[in-house]
Amino acid sequence: FTALETLGTHPEIDITRAGLLGFSKGAIVSYMAAMNTKRREMKISEQIKFKAHYLFYPGCALYYHDNTTTGAPMTMFLGEKDTYTGLQPCLDLVDTLKEKGADIKTIIYKNAVHAWDIPGEKSYPEAEIFKDCRFVQQPNGKWNELKSGVKDMPSLIGRRYEKALKGCLSYGTVTHENPEASKQSMKDFLELVRQQLFK
C-alpha cells in the first residue's frame with residue numbers, strides 16, 4: 001500500500017489503474033489487500049486500493065470475519081491437480097466471497113500442479129501443506145482453526161497457532177512445469193489486464 005501511495009505522487013502514473021499480482025504466498029498478499037477487514041486493521045485510506053487482484057495458485061486457508069472486499073475484480077488461476085495449496089479449498093473460499101458480493105472468478109488449468117509455470121520438476125518433502133487448514137476469524141478478532149479444533153487464537157502467531165498447525169498440516173509436495181498451462185495462464189492474465197486496467 002505504501003508503494004502504491006508513493007507511486008501516486010508521480011505525475012505520469014495513474015494508480016487508479018494499478019493491479020496487484022501474486023504467486024503462491026504472494027497471491028495470499030493480493031487476496032489480503034482486497035479484504036476490508038485487513039484494510040481496516042492496517043488503517044488504509046479508501047483512496048489507496050488496487051483496481052484488480054490476480055492470484056496465481058494461492059493458499060486459501062484464511063476466512064476473515066468480514067469477508068467483504070473492496071469490490072475490485074479478483075481472479076484466481078488454479079491448478080486442477082495442485083497438491084500444495086489445493087484446488088477445493090480455493091473453490092470453497094471463492095463461494096464464501098461470492099456470498100458476500102465479491103467480484104471473483106476462477107480459471108482452472110487441466111492437469112496443472114502448483115507452480116506450473118516454473119521450469120523443471122522439484123520435490124519438496126518438508127514443504128508445509130496448508131490445504132486442510134481453515135482459519136476462521138471470529139467477531140472478536142480471534143481465530144479458530146476448524147480441523148485441529150484450536151479456538152480463540154489471538155493472532156496467527158505464537159503457541160496456540162503452532163498447536164493448530166500440528167493438527168491440520170501435512171508435509172511434502174512435488175511441482176513440475178506444465179507448458180500448456182503456463183502459456184495459457186499468461187495469455188489469460190494479459191487479456192484480463194487489458195480488459196480491467198486499460199479500458
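Conditions (1) within 28 Å of LYS187 (Cβ to Cβ); (2) part of a helix (DSSP H, G or I); (3) not acidic (Asp, Glu), marked per residue:
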{"residue": "ALA27", "(1), (2), (3)": "yes, yes, yes"}
{"residue": "ILE44", "(1), (2), (3)": "no, no, yes"}
{"residue": "TYR54", "(1), (2), (3)": "yes, no, yes"}
{"residue": "LYS81", "(1), (2), (3)": "yes, no, yes"}
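In the stretch 60-84, the residue that is farthest from TYR161 (Cα to Cα) out of those that are touching a residue at least 40 places away in the same chain (Cβ under 8 Å) and open to solvent by 20 Å² or more (accessible area, probe 1.4 Å) is PRO73.
The rows are residues; the columns are (1) modelled with pLDDT of 95 or more; (2) aromatic (Phe, Trp, Tyr); (3) part of a strand (DSSP E or B).
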site	(1), (2), (3)
ASP132	yes, no, no
TYR161	yes, yes, no
VAL174	no, no, yes
GLU180	yes, no, no
ARG194	yes, no, no
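Here ASN144 passes the criteria (1) at negative phi; (2) touching a strand residue (DSSP E or B) at 6+ places or on another chain (Cβ under 8 Å); (3) touching a residue at least 12 places away in the same chain (Cβ under 8 Å) except the one numbered (3).
The rows are residues; the columns are (1) among the small types (Gly, Ala, Ser); (2) farther than 19 Å from THR75 by Cα; (3) more than 15 Å from the chain's Cα centre (by Cα).
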site: THR2; (1), (2), (3): no, yes, yes
site: GLU5; (1), (2), (3): no, yes, yes
site: GLY8; (1), (2), (3): yes, yes, yes
site: ILE15; (1), (2), (3): no, yes, yes
site: GLY22; (1), (2), (3): yes, no, no
site: GLY26; (1), (2), (3): yes, no, no
site: MET32; (1), (2), (3): no, no, no
site: ASN36; (1), (2), (3): no, no, no
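Residue count for the stretch 48-59 satisfying the condition of being open to solvent by less than 30 Å² (accessible area, probe 1.4 Å) and in contact with a strand residue (DSSP E or B) (Cβ under 8 Å, 6 or more places away or on another chain): 8. Scan the stretch 96-121 for residues that are touching a Gly at 6+ places or on another chain (Cβ under 7 Å) and surrounded by fewer than 20 Cβ atoms within 10 Å (Cβ to Cβ) and the total you get is 1. Under the condition of being among the hydrophobic types (A, V, I, L, M, F, W, C) and in a loop (DSSP other than H, G, I, E, B), the residues counted in the stretch 99-118 number 6. Could you check, for the stretch 135-144, whether at least one of its residues is touching a Gly at 6+ places or on another chain (Cβ under 9 Å), among the β-branched types (Val, Ile, Thr) and not in a loop (DSSP other than H, G, I, E, B)? No, the conditions are met nowhere in the stretch 135-144. Screening SER170, SER148 for residues that are over 19 Å from the mean Cα position of the chain (by Cα), polar (S, T, N, Q) and surrounded by 17 or more Cβ atoms within 10 Å (Cβ to Cβ) leaves exactly one candidate, SER148.
Return yes or no: is LEU93 under 13 Å from the mean Cα position of the chain (by Cα), surrounded by 15 or more Cβ atoms within 10 Å (Cβ to Cβ), free of Cβ contacts under 8 Å to residues at least 40 places away in the same chain and assigned to a strand (DSSP E or B)? Considered against the rule, which asks whether it is under 13 Å from the mean Cα position of the chain (by Cα), surrounded by 15 or more Cβ atoms within 10 Å (Cβ to Cβ), free of Cβ contacts under 8 Å to residues at least 40 places away in the same chain and assigned to a strand (DSSP E or B), LEU93 comes out as no. One residue stands out in the stretch 26-47 among those that are modelled with pLDDT under 95 and hydrophobic (A, V, I, L, M, F, W, C): the one that is surrounded by the fewest Cβ atoms within 10 Å (Cβ to Cβ), namely MET42.
The values are calculated or read from the model by the stated rules, or taken from the named source; none is laboratory data. What you are looking at is a predicted structure, and each value in this text was computed from that prediction instead of being measured. Using ideal geometry, Cβ is built from the backbone for each residue, glycine included, and neighbour counts are taken over all protein chains shown. Side chains are part of the model used for accessible areas, which takes the heavy atoms of the whole protein and leaves out ligands, DNA and RNA. Shrake-Rupley method; radii C 1.70, N 1.55, O 1.52, S 1.80 Å.
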